[in-house]
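Chemist: Here's a structure for you.
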Amino acid sequence: MDLKNLENNLREAGYAVSIFDTADEARTYLDAQVDGKSVGFGGSVTLDQLGLYETLSRHNTVHWHWRMPADKNEAEVRAAAAAAEVYFSSVNALAESGEIVNIDGKCNRVAATLFGPKRCIFVCGVNKLRPDLQSAIERARNIAAPLNAKRLNKKTPCA
């Protein structure tokens, strides 16, 4: 994987790109980017592992259906997340050519990243990087989707 080529392809597509050597560096950077905002999170093991909810909740209002307040239901939290000023999502796969691939069970992540928040921030670990679109789609279908189906106890063939 050529990270410089990936970065150039994403920039050509209109994305701002930041690359970090460690999760701590990424979390610190992201924490500094968002202050005093309403923030939405899509379902994401990546965001959870980074501890972004806890970090950003210190100085932002964060809406995430994985951390629901007692006075709200899942639909309300998902709607608030989609309407937030800033939306965070991971990706199922990212092709070196710059294509983002996501498979989404309830479409909250995909919908929010396409329409809604003023700013969308994609967080992607190196495990999600693939050399081309076809292998990115294969990762989403054959690795990410089955892992999510198992984690969510879904009765699907891939689980």
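Here, each number is a calculation from the coordinates, and none is a lab measurement. Just so it is clear, the model here is predicted, and its values are computed rather than measured. Here Cβ is always computed from backbone atoms with ideal geometry, including for glycine, and neighbour counts include all displayed protein chains.
Chemist: What value does the stretch 41-159 have for Rg/Rh, both radii from Cα atoms and Rh as Kirkwood defines it?
Modeler: In the stretch 41-159, Rg relative to Rh is 0.97.
Chemist: Roughly speaking, what is the stretch gain from Asp35 to Glu85, that is 0.36 nm per residue apart minus the C-alpha to C-alpha distance, in nm to one decimal?
Modeler: 16.9 nm
Chemist: Compute the Kirkwood hydrodynamic radius of the stretch 63-122, taking the inverse of the mean of 1/r over all pairs of distinct Cα atoms, and give it in Å to one decimal.
Modeler: Hydrodynamic radius (Kirkwood, Cα only) of the stretch 63-122 equals 12.2 Å.
Chemist: Label Ile143 and Ser97 with points 7 Å out from Cα along Cα→Cβ: what is the distance between them in nm?
Modeler: Computed distance between label sites Ile143 and Ser97 equals 1.8 nm.
Chemist: If amide hydrogens are placed 1.01 Å from N in the peptide plane, which non-local residues have theirs closer than 5 Å to the one on Met68?
Modeler: Counting only residues 5 or more places away or on other chains, the set is empty.
Chemist: Another one. Distance between Cα centroids, the stretch 1-53 to the stretch 73-145: provide it in whole Å.
Modeler: If you average the Cα positions of each part, the centres end up 12 Å apart.
Chemist: Give the average over all directions of the projected area of the C-alpha convex hull of the stretch 19-80, one decimal, in nm².
Modeler: Computing the convex hull of the Cα atoms and averaging its projections yields 4.3 nm².
Chemist: List the residues, sorted by chain then number, that are 5 or more residues from Val62 or on another chain and whose placed amide H is less than 5 Å from its amide H.
Modeler: Amide H neighbours of Val62, under 5 Å, 5+ apart: Val39.
Chemist: I've got another one for you. Please tell me which of these pairs span more than 23 angstrom C-alpha to C-alpha: Lys4/Lys118; Lys106/Lys128; Lys106/Lys155; Lys72/Lys106; Lys37/Lys128; Lys128/Lys150?
Modeler: Over 23 Å Cα-Cα: Lys4/Lys118; Lys37/Lys128.
Chemist: Grab the beta carbon distance between Lys118 and Lys155, set R0 = 35 Å, and tell me the FRET efficiency rounded to 0.05.
Modeler: The computed FRET efficiency comes out at 0.40.
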